[in-house]
């Protein structure tokens with residue numbers, strides 16, 4: 001039996017330095033997260049005109065699953081990757097992850113990660129694989145149900161439609177616990193839209209901005225409110241400050257360790273999710289899991305994307 005299976009949109013993340021002049025040119029702000037099409041920005045303007053810092057396999061659930069693999073967890077990924085150069089790059093650089101259920105179709109999704117303010121803030125512009133929804137055509141439920149946890153992130157090609165597709169999947173998941181990172185894409189659709197998914201969600205990962213937008217309450221009250229819809233554990237990440245953990249039995253804040261040098265914070269929340277899920281499948285307490293997850297997240301900011309895993313023993 002697999003420990004954890006990840007599903008969601010896949011990308012190759014491209015990292016660029018960006019100053020306020022560049023952000024203002026495209027009417028963007030730090031921490032914005034849009035599709036290129038939503039802002040009427042040509043991908044060529046970004047990918048061919050800005051200086052590339054680095055690149056890495058990406059996607060919310062992808063980042064989490066790769067870190068879990070580095071921790072020695074038995075993991076797999078189900079999703080769609082492109083039949084092109086970027087798709088080959090993604091496949092070849094997805095380490096310590098079972099890749100047999102990846103579907104090769106279309107053009108690989110790309111995400112431009114614009115790093116600003118000494119690289120402490122990110123702005124995301126994404127180009128989704130036009131065949132991303134091929135994942136939903138032939139879902140292997142026997143495979144999904146033969147795992148302990150399924151970690152789900154957003155499918156960005158027509159998010160509203162895909163919430164309905166995900167709801168069908170959630171209903172057919174019998175034994176595994178469901179871990180959910182909805183991202184701003186699903187949060188923007190509103191609480192009512194994701195309610196059917198919350199009923200079967202064991203743990204949900206949201207950042208401070210997302211939970212405020214979703215519930216319109218402060219993080220403590222919003223987290224408790226989410227429990228009333230069936231969620232068992234709410235993890236609200238608060239950047240460099242730490243994380244607020246809420247369950248039916250307790251609510252506590254776990255501070256992050258101080259980091260001397262930050263290269264890139266992209267994927268820090270996803271790395272946190274990996275550390276937290278590691279604790280859960282190892283039957284650790286929520287406090288242990290949160291502390292360990294903060295430690296993993298603090299390591300992840302030492303390089304671009306998933307590249308930090310090349311130089312750091314994640315278990316140390």
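Computed from the coordinates by the stated procedures, all read-outs in this text should not be read as laboratory data. Owing to the predicted nature of the structure, the values given are computational and were not obtained by experimental measurement. Positions of Cβ are backbone-derived with ideal geometry, glycine not excepted, and every protein chain shown enters the neighbour counts.
Label positions at residue 93 and residue 202, each projected 7 Å from the Cα along the C-beta direction, are separated by 3.1 nm. For the pair region 178-254 and region 277-311, the centres of their Cα atoms are 19 angstrom apart. Each label point was placed 7 Å from the Cα along the Cα-to-Cβ direction; for residue 168 and residue 24 their separation is 4.8 nm. The slack in the chain from residue 31 to residue 259, taken as 0.36 nm per residue of separation less the alpha-carbon distance, amounts to 80.1 nm. As a rough guide to protection, the peptides 113-120, 174-181 ranked by mean Cβ packing within 10 Å, highest first, stand as 174-181, 113-120.
Using a Förster radius of 45 Å, what is the FRET efficiency between residue 281 and residue 48 based on their Cβ-Cβ separation? Nearest 0.05, please. The value I calculate is 0.55.
Using just its DSSP H runs of length 4 or more, each adding -39500 (n - 2.57), the chain gives a mean residue ellipticity at 222 nm of -10000 deg cm²/dmol after division by all residues.
Computed across region 180-251, the Kirkwood radius stands at 11.8 Å (inverse of mean 1/r, all Cα pairs). In this simple spin-label model, placing a label point 7 Å from the Cα along the Cα-to-Cβ direction at both residue 218 and residue 160 gives a separation of 3.5 nm. Hydrodynamic radius of region 185-316 by the Kirkwood approach over all distinct alpha-carbon pairs: 15.2 Å.
A straight line joining the Cα centroids of region 111-130 and region 44-72 runs 10 Å. Note down the relative contact order for the chain as a percent, whole number, built from C-alpha pairs under 8 angstrom at least six residues apart. Once divided by the residue count of the chain, the mean separation gives 18 percent.
Residue separation of residue 17 and residue 139 scaled by 0.36 nm, minus their Cα-Cα distance, works out to 40.1 nm of gained length.
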